[in-house]
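> Got a structure for you, written out below as structure tokens; questions coming shortly.
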Amino acid sequence: LKADQFCHLLPCCWATMSRLASRLIRFVDTKGRLLCGQPKVLSETLLKTGSDTAGGSSAELCKVHDPLAFMNSRISEARELTGEEVQVSRLLQPIPPAQLLGIGLNYRKHGAEVKADIPKYPIQFMKTLNTLANPGQEVPIPFYASDPPEVDYEVELAVVIRRAANGSFCVNVPEEEVMDYVAGFTVANDLTARRWQGKKGGGQWCRAKSFDHFCPLGPTLVFPDEIGDVQNLRLTTHVNGVKKQDSTTADMIFSVKQLVAYLSQDTMLLPGTVILTGTPEGVGFVRDPPEFLKPGDEVEVAIEGIGSLHNTLVEPWMEDE
């Protein structure tokens, strides 16, 4: 090509070189708009309380602000960055989940600390959508799980499901194709009332894990092409600054790919399905003496390459009559 012909093509070339977000936050800006974007600066105040009125947090806007767009075949378009930067006033869960699925006893060392056999198949439970909590949001200890104390922490890698690029839904997906159906990864705290997990819940785990705001989620959704090896990520929990859990996803019994393939067998995992993949060793109820969360406790659960999720426990909403 001659120089003038090459220069003529430059605008077209640059137009196709869209910048894509590597991670996503969903937030309210200072004008009250509900937006999606890539975080630029997230202040400590925003992460710990969920809000920042001082203007210390900002994000670059994505092209699309419908979070469902990140769950379907339009994900590449949705990830395009506009170059516009705005102030973040309030931080929300990165996506509104369609459903919450959980996996129990999925870390070898956790299985050992609770003296449980290694499961042959994944142990599945569900959390109801009323359990969702935003980053920094206060979590009330349930009145009916407060005396004696029994609320426990569980750091977990959360997998978010989407439709594949060809539009197909996540059903009967082989392990080698699972990542085509993963929108991204985020951090979850699978809060659990331990007595309700036992006899008080009738032997089922769902009730123990489905009290209001028992599933804080966030702060970011990191896209799969940015995460590296998802089976080699460090997970930690700190309560009031003291480390309680410290492990890696390498200790999982069933990998992310194995879990999604298993859960999708003749079962459509709707776009926006969030899968909590289990917690590592170090939970409170097996400690000597047992340690349970109390009002005022600040809990930070974090995963390498994704971020830190902060929530503070507060007094029960109900009073004893």
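The values are calculated or read from the model by the stated rules, or taken from the named source; none is laboratory data. None of these values were measured; they are calculated from a predicted model. Cβ: placed from backbone, ideal geometry, glycine included. Neighbour counts: every protein chain shown. Surface areas here come from the heavy atoms of the whole protein model, side chains and all, with no ligands, DNA or RNA. Shrake-Rupley method; radii C 1.70, N 1.55, O 1.52, S 1.80 Å.
> Just report the Cα centroid separation between the range 267-293 and the range 19-73, whole Å.
26 Å
> What number comes out for the charge environment of residue 225, summing +1 per Lys or Arg and -1 per Asp or Glu over other residues with Cβ under 14 Å away?
Every neighbour counted, the sum reads +1.
> Shifting gears a bit: At a Cα cut-off below 19 Å, give the lysines reachable from residue 243, other chains included and same-chain residues fewer than 8 away excluded.
48, 109, 294
> Based on the mean of other beta carbon atoms within 10 Å per residue, what is the order of 53-63, 135-145, most packed first?
135-145, 53-63
> How would 264, 51, 43, 76 rank on accessible area, largest to smallest, probe 1.4 Å?
Greatest to least solvent exposure: 76, 51, 43, 264.
> Once you put a point 7 Å from the Cα of residue 286 and another 7 Å from the Cα of residue 195, both along the Cβ direction, what distance in nm separates them?
Distance between label points: 2.3 nm.
> Shifting gears a bit: Averaged across orientations, what area in nm² does the convex hull of the alpha carbons in the range 151-304 project?
9.9 nm²
> Which residues' amide hydrogens lie under 5 Å from the amide hydrogen of residue 88, considering only partners 5 or more residues apart or on another chain, with H built in the peptide plane?
Close amide H contacts, sequence-distant or interchain: 57, 58, 59.
> Below 8 Å, C-alpha to C-alpha, sequence gap of six or more: please give me the relative contact order for the chain in percent.
Result for the chain is 23 percent.
> Does the range 76-169 come out rounded, prolate or oblate by the C-alpha gyration tensor, with a ≥ b ≥ c the root eigenvalues, rounded set by a/c under 1.5 and, if not, prolate when a/b is larger than b/c and oblate if not?
Oblate shape, in that a/c is at least 1.5 and b/c is the bigger or equal ratio.
> Local charge sum around residue 61 (other residues, Cβ-Cβ under 15 Å, Lys/Arg +1, Asp/Glu -1)?
+1
> If amide hydrogens are placed 1.01 Å from N in the peptide plane, which non-local residues have theirs closer than 5 Å to the one on residue 133?
Here 215, 217 satisfy the definition.
> Something else now. Sorting check: for 177-185, 33-41, 154-162, which peptide has the highest mean count of neighbouring beta carbons within 10 Å, and how do the rest follow?
Output ranking for 177-185, 33-41, 154-162: 154-162, 177-185, 33-41.
> Just the C-alpha atoms of the chain: what Rg/Rh do they give, with Rh taken as the Kirkwood radius?
In the chain, Rg relative to Rh is 1.01.
> Further question on the same structure: With every protein chain left in place and a probe of 1.4 Å, what is the accessible surface of residue 268, to the nearest 10 Å²?
90 Å²
> Taking the chain as a Gaussian network, where each spring joins two C-alpha atoms under 10 Å apart, which residue of 295, 122, 97 fluctuates the most?
Highest fluctuation of the listed residues: 295.
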